[in-house]
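Below is one structure, written out as C-alpha cells; comments come after it.
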Amino acid sequence: MIEVEHLTKHYPGVHAVRDVTFSVKTGEVVGFLGPNGAGKSTTMRILAGYISPTGGVVNIGGLDVTRDSLKIRRQLGYLPESCALYMDMRVKEYLRYRGQLKGIPGRHLKSRVERVMEQCGLLEVRRRSIGKLSKGFRQRVGIADALVHNPDLLILDEPTIGLDPNQIVHIRTLIQELAQDHTILLSTHILSEVEATCDRVIVLQQGEIVESARLDELESRWCKVSNVHVEARCVPEDLKTLCKRVEGLRDCNVVADGDWSIAELTFARGEDPRETLFQLIREKGWDLRELHREKRSLEEVFVNMTSGNRPMLPEEETAAALPETLEVSS
Amino acid sequence: MRVWLTLWKREVASIFFSPVAYILTTMFLAVMGVGFWSIASYRLTDGATIYEVLRGLYGGVAWFAVLMVIPVLTMRSFSDEKRSGTLEALLTAPVTDQEVVLAKFFGLLTVYVIMWLPTAAYILILNHLNDAQATVDTGALSGAYLGIMLIGSFFLSIGLFCSSLTENVIVSSISTFAIIGLIFLFGFLPEVSPIPALQTFARPFSPILHMLDFARGVVDTRPVVLYVSGTVFMLVATVSVLDSRRWRS
C-alpha cells in the first residue's frame with residue numbers, strides 16, 4: 001500500500017526526515033512512534049500530499065505522491081495533527097461539505113454521512129455546532145471526515161492527543177474496528193496506544209528510523225532479560241536452591257509471604273524456563289499459586305531505543321548472560 | 001466544477017456566518033448613504049446635472065467605501081485558515097490549489113457584489129428627485145458599476161494575496177490597506193505631480209481617472225485589460241504562495 005524509499009525532507013538548518021525507508025502492506029495497522037519532533041508529522045504530511053519531499057520516492061497504491069497527488073488523496077483519509085475543523089459549522093453540515101469536496105456522488109452522500117456518523121458515535125451531536133463540542137467529539141468528527149469517502153488507507157496523526165482516558169478508549173475501540181477493513185498508519189508518542197492498536201511499529205528518532213518490527217519481535221530484540229515470577233508454598237531458601245538449578249539464571253530474589261515464597265527470577269533474553277520450573281516444583285510436591293513470565297512493557301523498550309542504545313547482538317548477549325555474580329538475597 | 005461550487009458556497013457562507021460581514025455592510029452603506037445624501041441634496045440644488053451626481057458618488061465617495069471594506073473583507077480568507085490549521089485539511093482534500101484560490105476569490109467577489117446591490121436604490125431615488133430632467137442614463141450607470149467591479153476585483157485579489165502571506169489577520173488587513181491605498185494615491189499623480197513627464201506616465205494607470213471615466217459611461221478597453229490582468233496576476237501569485245508550503249519551512 002505504502003512504499004517509502006530514501007525519503008528526505010530538509011528545512012533550512014534542519015533535517016526533519018533523513019533517508020527513511022519503510023513499507024506498509026494492505027490491511028496492516030502500523031504505528032509511527034517517536035518523541036516529539038522526530039519527524040512523524042512531516043512524514044505523514046508528505047504521504048497526504050500537503051508538503052513535498054526533498055528527496056526520495058513515495059508510492060501509495062502504486063501512484064507517486066508528487067505526480068499523482070490528487071488521485072492518491074481521493075483514496076486516502078488523513079487526520080491532521082491539529083485536527084482543525086470549521087468551528088462555525090454543524091457536525092452533519094461539515095461532513096456533507098467534506099464529502100462533497102472529496103467527490104462523493106450526490107446520491108451516496110447522505111448515506112455515507114449517516115454511516116460515518118454512526119461509526120464514530122456522532123449521531124447524538126449531528127446538529128451541534130463543532131465549536132461547542134468537547135475535544136473528544138471534535139477528534140471523532142476529524143476521524144469521520146477522514147473516513148467519509150470510504151478510503152482504503154487511513155493516515156491518522158496523533159488521533160488521541162489531548163483526550164481524557166475515557167475518550168482515548170473510545171477512539172482506540174474505533175480504530176480497532178476500522179482496522180478490520182482498512183490499512184492504517186497512525187502516529188503517537190503514547191506507547192500503550194501502539195500496544196493496543198498496532199500490528200507493527202516504526203520508531204523514528206531525529207528523522208531516522210531506529211526500529212521497524214512487529215510488536216513481539218520488538219520485545220525480544222530490545223529486552224536484554226526476561227523476568228519470571230514464581231509463588232510457591234515452601235521455605236524461601238528451598239525455592240532459591242531450586243531456582244539455581246535452572247539453566248540460564250542470572251538473578252534471583254526470594255521473599256517470604258506468610259507460608260508462601262515469592263521469587264523474582266531474571267533470565268537471559270529469550271529464555272523460557274517456566275516449564276522446567278513447573279516440573280521441578282511438582283517433583284518437590286509444593287503448592288504453586290503463580291508462575292508467569294512478565295511481559296516487558298513497551299515503555300521500557302521505547303526508553304531503550306530512543307536513548308541511543310542498539311539492539312543486542314547475539315555475541316554480546318552470550319557475554320552478558322554469563323552469571324558472573326549470583327547474589328541471593330532473602 | 002462541482003467541487004469548485006462546494007468550495008465557493010463554503011466561502012460565501014463563512015463570510016456571512018461571521019458578524020464581520022454585517023458590521024462591514026452596515027458601515028459601507030452608511031458611508032455611501034451619507035455621501036449620496038450630501039451630494040444629492042447640495043449639488044442638485046446648485047443646478048448640477050445628474051451625471052455630476054453620479055460621478056461624485058461613484059468616482060468619489062465610492063473610494064472611501066472600497067478602501068475601507070476590502071482589507072477587512074479579505075483579511076480572514078487564508079490567514080484564518082492558516083492560523084487555525086484548517087488549511088491543512090482543505091489542501092489535503094482532493095482539490096487543487098488553483099480551485100481553492102479561485103473559489104475564495106469568487107466567494108469574496110460575490111459578497112462584494114451583494115454589498116453593492118442596495119446602492120441601486122440611489123438610482124431610483126435620483127430618478128424620483130429629478131423628474132424634471134432626464135432620468136439616469138443606463139450607459140453611465142452600467143459603466144460606473146463595471147468600474148467598481150473591475151477595480152474591486154483587482155483590490156480583492158491583492159487582499160487575498162496578502163492574506164495568503166500571513167496567519168495574522170491584522171498584518172493581512174493592514175498590508176492590504178497599505179497597498180491599495182498607495183495605488184489609490186498614485187491615481188492623483190496626473191493631477192498633482194509638478195513633473196510633466198510623470199503626469200503623462202501616470203495618466204493611463206490612474207484608477208481615480210478610470211473611475212471618473214467609467215462613471216461617465218466611457219468604457220475604454222485599456223483599463224479593463226489593466227484590471228483583469230492585474231487580478232489574474234495577483235491570483236497566480238496567490239497560488240504560488242500557497243504552493244510554496246511544499247518546499248518552504
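General remarks:
- The convex hull defined by the C-alpha atoms of the range B:68-133 has an orientation-averaged projected area of 6.3 nm².
- Rounded to the nearest 20 debye, the dipole magnitude of the protein assembly as shown is 2400 debye, with +1 charges on Lys and Arg beta carbons, -1 on Asp and Glu beta carbons, and the Cα centre as origin.
- Rounded percent of accessible protein surface that carbon and sulfur make up, chain A, 1.4 Å probe: 46 percent
- Considered as an equivalent ellipsoid built on the Cα gyration tensor, the range B:209-249 has semi-axes of 35, 8, 5 Å, the largest given first.
- Over chain A, relative contact order from alpha-carbon pairs under 8 Å, at least 6 apart, %: 18 percent
- Solvent-accessible area buried by pairing B with A, both sides, nearest 100 square angstrom, 1.4 angstrom probe: 2600 Å²
- Calculated mean residue ellipticity, 222 nm, chain A: -10500 deg cm²/dmol, from DSSP H runs (n ≥ 4) at -39500 (n - 2.57) each, averaged per residue and rounded to 500.
- Net length gained if the chain between A:Asp216 and A:Arg126 were fully extended (0.36 nm per residue, minus Cα distance): 28.3 nm
- Amide H to amide H distances under 5 Å link A:Val210 with A:Val203, A:Leu204, A:Gln205, where only residues 5 or more positions off or on other chains count and H is placed in the peptide plane.
- In the range A:1-109, GluC sites (Glu not before Pro) in a DSSP loop with at most 12 other beta-carbon atoms within 10 Å: none
- Put the Cα centre of the range B:25-40 next to the Cα centre of the range A:1-40 and the gap is 58 Å.
- Using the Cβ of A:Ala256 as centre and a radius below 12 Å, the other residues enclosed give a net charge of -3, where K and R count +1 and D and E count -1.
- Taking packing as the residue-averaged number of other Cβ atoms within 10 angstrom, the listed peptides B:5-17, A:116-128, B:139-151 run from highest to lowest as B:139-151, B:5-17, A:116-128.
- Adding -39500 (n - 2.57) for every DSSP H run of four residues or longer, then dividing by how many residues chain B holds, sets the calculated 222 nm ellipticity at -24000 deg cm²/dmol.
- Residues in the protein assembly as shown average 46 Å² of solvent-accessible surface per residue, probe 1.4 Å, ligands and nucleic acids excluded.
- B:Leu5-A:Met87 FRET efficiency (beta carbon distance; Förster radius 35 Å; 0.05 resolution): 0.95
- Summed residue charge, Cβ within 9 Å of A:Glu81's Cβ, Lys/Arg positive, Asp/Glu negative: -1
- The alpha-carbon positions of chain A define a convex hull whose volume is 176 Å³ per residue.
- 5 angstrom amide H check on A:Leu156, placed H, neighbours 5+ away: A:Leu79, A:Leu185, A:Leu186, A:Ser187
- Virtual paramagnetic centre 7 Å along Cα→Cβ of B:Phe205, amide N under 15 Å, in the range B:230-248: B:230-231
- Surface share of carbon and sulfur [accessible, 1.4 angstrom probe, percent] for the range B:72-129: 71 percent
- Number of partner chain Cβ atoms within 10 Å, mean per residue of A:144-151: 1
- With all pairs of separate Cα atoms included, the range A:187-260 yields a Kirkwood hydrodynamic radius of 15.8 Å.
- Bridges between two residues of the protein assembly as shown, per DSSP, are antiparallel at a rate of about 70%.
- Per-residue 3J(HN,Hα) values for the range B:163-172, derived from phi via the Karplus relation 6.51 cos²θ - 1.76 cosθ + 1.60 with θ = phi - 60°, read 5, 6, 7, 9, 9, 9, 5, 5, 4, 4 Hz in sequence order (x marks Gly and Pro).
- Two-decimal log10 I(q)/I(0) for the range B:118-190, as the Debye equation yields it once each C-alpha is a single scatterer, q = 0.14, 0.17, 0.19, 0.22 Å⁻¹: -0.65, -0.78, -0.85, -0.95
- Shielding score for B:17-25, defined as the mean number of other chain Cβ atoms within 10 Å: 1
- In angstrom, the C-alpha Rg and Dmax of the range B:19-84 are 15.9, 56.
- Each of A:Phe278 and B:Thr96 was given a label point 7 Å from its Cα along the Cα-to-Cβ line. The distance between the two points is 6.7 nm.
- Debye equation applied to the C-alpha atoms of the protein assembly as shown, log10 I(q)/I(0) at 0.06, 0.09, 0.12 Å⁻¹: -0.48, -0.83, -1.13
- Relative to the 2.2 N^0.38 Å rule of thumb, the range A:70-177 has a C-alpha radius of gyration ratio of 0.98.
- Efficiency of FRET from Cβ geometry, B:Val113 and B:Met27, R₀ 22 Å, rounded to 0.05: 0.80
- Where labels lie 7 Å past Cα in the beta-carbon direction, separation of B:Tyr51 and A:Asn59 in nm: 7.2 nm
- Contour minus Cα-Cα distance for A:Ser52 and A:Asn166 (0.36 nm per residue): 37.4 nm
- For A:Val29, the residues 5 or more places off, or on other chains, whose built amide H falls under 5 Å of its own are A:Ile184, A:Asp199, A:Arg200.
- Shielding by partners, peptide B:80-86 (average Cβ within 10 angstrom, other chains): 3
The values are calculated or read from the model by the stated rules, or taken from the named source; none is laboratory data. Just so you know, these numbers come straight off a predicted model, no measurement behind them. Note: ideal-geometry Cβ built from the backbone for every residue, glycine included; neighbour counts use all protein chains shown. Heads up: the accessible areas ignore ligands, DNA and RNA and are worked out on the full protein's heavy atoms, side chains in. Shrake-Rupley method; radii C 1.70, N 1.55, O 1.52, S 1.80 Å.
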